[in-house]
Amino acid sequence: MGELLKIEWLKIRRYTAFIVMSLFFIVAVIATNYIVFSVNNNMANNMGNAISMMSFSPYSFENTWQTTSYATGFILLLPALLLVMLVTNEYTFKTHRQNIIDGLSRQQFISVKIMLALVFAVVSTLLVFVTALCFGWASGTNFSLHGIQFVGFFFLKAITYNLIAILIAVLIKRTGFATGVFFIYLGGENFIAKMLDLWSIKLKQDNGTDYGSLGDYLPMNAADGLLSFPKNPVTNMAMNFMPTDYIWAILPLALVYLLVFYTWARRKFIHADL
Amino acid sequence: MSILTIQQLSKNYGSLKALKEVSFSVPEGTVFGILGPNGSGKTTLLSIVMDILKATSGSFVWMGQENSADLRKQIGTLLETPNFYHYLSAQENLRIAARIKGRGEADIQKVLELVNLYQRKGSKFSSFSLGMKQRLAIASTLLGDPKILVFDEPTNGLDPAGIAEIRELIKTLNKNGKTIIMASHILDEVEKVCTHVAIIQQGVLKTVGSVSSVMHQSADSILEKILVELSANDLVALQHILTEMGGIENMVEAEHELHITCSSEITAEQINQFCFSRGIILNKLLVKRKTLEARFLEITGKQSDK
């Protein structure tokens, strides 16, 4: 697999979109967290301790892993989009065929793409780890690994987005269409998830039934549902009417979805005409 | 030894049957031409044996072995158009192919020199002309000095000098012991280069064998046949009067002309005189010896794409 990844690196290292989007992603991760950090600091400075909410510090070491993972989760679209482009480019240039003709097996071809998705997820997660560490130190609090599991959830979200990207690319094949479908799917699922979430709130209020946020059981939102903003005075106030986050249910479901995306993409590439 | 053995290979796209139970073997050391009009199934056939397409039914083996990625590393293949990463240079593209085949940098330099692209090794693929792209693709097939080469329309996009160059290269490679499988719709190309030929039409294998045996499969001796290309302003009238002329065995309409196969006893003068006596003035009359083209037309019963 190492050799295959080296070949993959030869393909992408001079690809302008890869260079630009990677740099943009790094800047976006830092900028997004810096904005959250600054807004919180400014509010705290301007309002002092007049409002209890302001005593909450999202980047204290107690919260930094969760806050950074949550905030960065919104820009995971970038590596996913890049993966859509990298895979559909192979179809556009028909280089996937050439790779097979030259001696890659279909299994190797799709495996290395999935491995690339994994590498992107690992790099994104490392970036989140370093960013969380830096902002944690900047908050002036004592080092702690409390909430480090959220970095793991971030990794799960990253790999989910990346595998969905690969699946859509393998199914659609054309860059423009695949990108469109990716956004439509993302928007569509989020819309349905929000509707389901509202229904969950209504169920809890009306009948006292708490199945958790139903939207979190959808494929993309399952990984999303694992990441939330750290508990603070505002969320604590809302807790009474908000459904519970059943992580014990969402986590295995997210893993099942991941397995489905992986198997589907792999089977499609191995068995279809190229 | 058979390099490639295909048995009852079929490929359906829904109700369309692109290949219908095609079977043949490619003997070692030959230049094996797969000949057929556009859309006859040549590329489909080669795509299946290179694992790009999945056969609906049937099987094939390379050198007696099941198709595998490792086996494909020993085959140099150019299928349809050259497929490379547009944003990478010639050298970078070949480096990817070489790494897949497990070959080193020395091979890259060697093949680039062989196709006269060494000076342009640093240029991006997107900046190449069609002919240069084709030559780069041929260079890619030669990486690792494979024993078997598969070319699908290898002279596509090349100028006449380039075409001659590639033909010579193919002949030289064959002389060096390589087996070459070449799909083409250009009859002249196949005739000049190939030792063996399979003719496919609408997915059906019409005939297969050495070029000379295919030529001799005709009902009459090759020496007794000529191919005549002729045209007149009124092609319909010409076609009509020729049906009255004896000795014509086959007549097909090409683009603004007729191709007839007839006995070699008939001379150009006789044809001209016959037409003139019936008020048709010919503006083309070309007598050819019986060629693969004539045989192809005879087998397929239609005009080739020259």
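Laboratory data are not the source of any read-out in this text; all were calculated from the coordinates shown. As the structure is a computational prediction, the values presented were derived from the model and not from experiment. Using ideal geometry, Cβ is built from the backbone for each residue, glycine included, and neighbour counts are taken over all protein chains shown.
Please give, to one decimal in nm, the separation of the simple spin-label points placed at residue A:190 and residue B:269, each 7 Å out from Cα toward the Cβ.
About 8.8 nm separates the two model spin labels.
Quick one: which residues, 5 or more positions from residue B:266 or on another chain, have an amide H under 5 Å from its amide H? H modelled 1.01 Å from N in the peptide plane, none for Pro or chain starts.
Result for residue B:266 returns nothing.
Across peptide B:95-102, how many C-beta atoms of other chains are within 10 Å of each residue C-beta, on average?
5
Quick one: work out the % antiparallel among DSSP beta bridges in the protein assembly as shown, nearest 5. The partial results should precede the final answer.
On the way: 40 of 58 bridges.
If we restrict to bridges inside the protein assembly as shown, about 70 percent are antiparallel.
Amide H to amide H under 5 Å from residue B:18: which residues, 5+ apart in sequence or cross-chain, H placed 1.01 Å off N in plane?
Long-range HN contacts for residue B:18: B:11, B:12, B:13.
Hey, if you put +1 on the Cβ of every Lys and Arg and -1 on every Asp and Glu Cβ in the protein assembly as shown, which of B:35, B:104, A:98 ends up farthest toward the positive end of that dipole?
B:104
Using a simple charge model, +1 on the beta-carbon of Lys and Arg, -1 on the beta-carbon of Asp and Glu, nothing else, what dipole does chain B show about its Cα centre, in debye to the nearest 20?
Result for chain B is approximately 1160 debye, rounded to the nearest 20.
Size of the dipole of the stretch A:2-271 about the Cα centre, Lys and Arg at +1 and Asp and Glu at -1 on the beta carbon, nothing else charged, in debye to 20?
1040 debye
Can you give the Kirkwood hydrodynamic radius for the stretch A:56-203, in Å, rounded to one decimal and based on Cα pairs?
17.1 Å
For a Förster distance of 35 Å, can you work out the FRET efficiency between the beta-carbons of residue B:1 and residue A:273, rounded to the nearest 0.05?
0.70
Once fully extended, how much extra length lies between residue A:246 and residue A:203, figured as 0.36 nm per residue of separation less the alpha-carbon to alpha-carbon distance?
Taking 0.36 nm per residue and subtracting the Cα distance, the gain is 13.9 nm.
Can you tally the net charge around residue B:146? Count Lys and Arg as +1, Asp and Glu as -1, for every other residue whose Cβ sits under 9 Å from the Cβ of residue B:146. Write down the numbers at each step before the final one.
On the way: positive: B:73, B:101, B:147, B:178; negative: B:145.
Net charge around residue B:146: +3.
Considering only DSSP beta bridges where both residues belong to the stretch B:2-215, give the percentage that are antiparallel (nearest 5).
55 percent
Per residue of A:88-98, count partner chain C-beta atoms within 10 Å of its C-beta, then hand back the mean as an integer.
Per residue, the number of nearby Cβ atoms from other chains is 5 on average.
Using a 10 Å cut-off around each Cβ of peptide B:71-80, what is the average number of partner chain Cβ atoms that fall inside?
3
Please state the charge dipole magnitude for the protein assembly as shown, taken about the Cα centre, from unit charges on C-beta atoms (+1 on K and R, -1 on D and E), reported in debye and rounded to the nearest 20.
Details: 51 positive and 46 negative charges, 223 e Å.
Using only the charged Cβ atoms, the result is roughly 1080 debye.
Classify the stretch B:1-94 as rounded, prolate or oblate from the Cα gyration tensor: take a ≥ b ≥ c as the square roots of its eigenvalues, call it rounded if a/c is under 1.5, otherwise prolate when a/b beats b/c and oblate if not.
The shape class here is oblate.
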